[in-house]
1. Can you name every one of the helices (runs of 4 or more DSSP H) wholly within region 215-276 that holds 2 or more residues which are within 19 Å of the chain's Cα centre (by Cα) and closer than 17 Å to residue 347 by Cα?
2. Can residue 70 be described as surrounded by fewer than 23 Cβ atoms within 10 Å (Cβ to Cβ) and either within 22 Å of residue 326 (Cα to Cα) or within 15 Å of the ligand (Cβ to nearest atom) (or both)?
3. Does residue 219 fit the bill of being touching a Leu at 6+ places or on another chain (Cβ under 8 Å), among the hydroxyl-bearing types (Ser, Thr, Tyr) and within 16 Å of the ligand (Cβ to nearest atom)?
4. Can you find a residue that is modelled with pLDDT under 95, surrounded by 18 or more Cβ atoms within 10 Å (Cβ to Cβ) and away from the ligand (no atom under 16 Å from the Cβ) anywhere in region 14-37?
5. Name the pairs whose Cβ atoms lie under 6 Å apart, with the first residue in region 261-281 and under 17 Å from residue 159 (Cβ atoms), the second hydrophobic (A, V, I, L, M, F, W, C) and in a helix (DSSP H, G or I), and 6 or more positions between them or separate chains?
6. Looking at region 314-358, which of its residues are part of a loop (DSSP other than H, G, I, E, B), at pLDDT 95 or above and of a type in the set (Ser, Thr, Tyr)?
7. Tell me which helices (runs of 4 or more DSSP H) are completely within region 1-77 and hold 2 or more residues being closer than 25 Å to residue 119 by Cβ, or say none if there are none.
8. From 266, 248, grab the single residue that is farther than 27 Å from residue 136 by Cβ, in contact with a Lys or Arg (Cβ under 7 Å, 6 or more places away or on another chain), within 15 Å of the ligand (Cβ to nearest atom) and of a type in the set (Ser, Thr, Tyr).
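The values are calculated or read from the model by the stated rules, or taken from the named source; none is laboratory data. None of the values given here were measured: they were computed from a predicted structure. Don't worry about glycine lacking a Cβ; one is built from the backbone with ideal geometry, like all the others, and counts go over all protein chains shown.
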Amino acid sequence: MAISMNTAICDLFGIEYPIILAPMAGIPDMAPLVSAVSRAGGLGSLGAAYLPPEEIRRVVREIRQTTDAPFAVNLFAGVSPDDLNRFDEVNDALNGMRDSLGVPHPDRGGIVTPDRFDEQFGVLLEEQVPILSLTFGLLAERHMAQAVQAGMKVIATATTVEEAIQAEAAGCHAVVAQGSEAGGHRGTFDTSGRRMGANIGTMALVPQIADAVHIPVITAGGIMDGRGLAASLALGAAGVQMGTRFLTSAESGAHPAYKQALLGSTEESTVLTDAFSGRPARGIENEFIRKWETAGVDPLPFPSQNTLTREIRNAAAKRSDAGNMALWAGQGTRMLTDGQSAEEIVRQVAEEARRVWS
Ligand SMILES: Cc1cc2nc3c(=O)[nH]c(=O)nc-3n(C[C@H](O)[C@H](O)[C@H](O)COP(=O)(O)O)c2cc1C
């Protein structure tokens, strides 16, 4: 049986292949990769959550200089203000790690995470970004109304059927079903009752979400090649969102030590941890995670833990010390390719999926 690659998300987003480059906040210099995936007929996404508003504007313009094709920008929804109630306990546990990297000890007053969501969102409206994707929750009603008014398409991330139903009810145009295999942060809206978020496997999550909503479903989590795309379509999804596969592509701005760790990893290498940011995320287990677990301290809630560990991660990157960097990765890393162009990856994934279905 043949299957059409021209799915509902191709029409919705104006793309040729139902393949989305996952937004990846924290990966430097994303414009070339976003642009390459969009030029190849997929949908590039810029992970903009950690970028100041004017930097988002600059990168959006940089993308537009190299492609007229549609692309998405991703923000974190529903982030709470800093909570430094347990600052001393957590800071003490991190100071030993700072000492080994020559990072000064911060004081409580130095840990401030600015809330820039309104301004970031404002830049997306001003720059007429065509597609907004979200993780950690949904837009406030007033923002959703503004997005719809501007003709923006909105994609939410769901880790449970209930979250997908909420996304559809809020007016989202599509939903990413993020299985537990996924690299990076769990998109779970509310993690207060379950420290590691909701972790349903992709294979079980996608058909249950596809049965529960009418908007197109996009599979994320462990999709690395055309077999994954073909399987996703069979499960009722209208496409895939792939992050890890593109981290070792030619255009990826990921740190060389991170790429090396990815290429040397296996399906057993990753763990779920909240050590780096206070929110659960999947990454390659390393020295930082092991030391944090040994300390036996609960992290501060997101985003405060993320702000508190930032200088450690930055110092580690400067020294190419993969032991103290956040090595976000999904469970499919044996399927990575080294230095392949993003265009070739998009075309190969589409071609392989067609072959599976022919
Ligand atoms: C390095 C990295 C950073 C990520 N950052 C974001 C982000 O900023 N926003 C988001 O919605 N998802 C983010 N994700 C999750 C992806 O959207 C997606 O769910 C995941 O990459 C899918 O699993 P895979 O890595 O196995 O392909 C990130 C993933 C990785 C690997």
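1. Details: elements: 226-234, 244-247, 256-263.
In region 215-276, 226-234, 244-247 are the helices (runs of 4 or more DSSP H) which contain 2 or more residues that are within 19 Å of the chain's Cα centre (by Cα) and closer than 17 Å to residue 347 by Cα.
2. Numbers: surrounded by fewer than 23 Cβ atoms within 10 Å (Cβ to Cβ): yes; either within 22 Å of residue 326 (Cα to Cα) or within 15 Å of the ligand (Cβ to nearest atom) (or both): no.
No; evaluated as a whole, the condition is false for this residue.
3. Working: touching a Leu at 6+ places or on another chain (Cβ under 8 Å): yes; among the hydroxyl-bearing types (Ser, Thr, Tyr): yes; within 16 Å of the ligand (Cβ to nearest atom): yes.
It is true that residue 219 is touching a Leu at 6+ places or on another chain (Cβ under 8 Å), among the hydroxyl-bearing types (Ser, Thr, Tyr) and within 16 Å of the ligand (Cβ to nearest atom).
4. no
5. 273/289
6. Of the residues in region 314-358, the ones part of a loop (DSSP other than H, G, I, E, B) are 319-321, 325-327, 329-332, 336-341, 358.
With at pLDDT 95 or above added as a condition, the list becomes 319-321, 325-327, 329-332, 336-341.
The answer is 320, 337, 341.
7. 31-39, 53-66
8. Working: 248 fails: farther than 27 Å from residue 136 by Cβ.
So the residue among 266, 248 that is farther than 27 Å from residue 136 by Cβ, in contact with a Lys or Arg (Cβ under 7 Å, 6 or more places away or on another chain), within 15 Å of the ligand (Cβ to nearest atom) and of a type in the set (Ser, Thr, Tyr) is 266.
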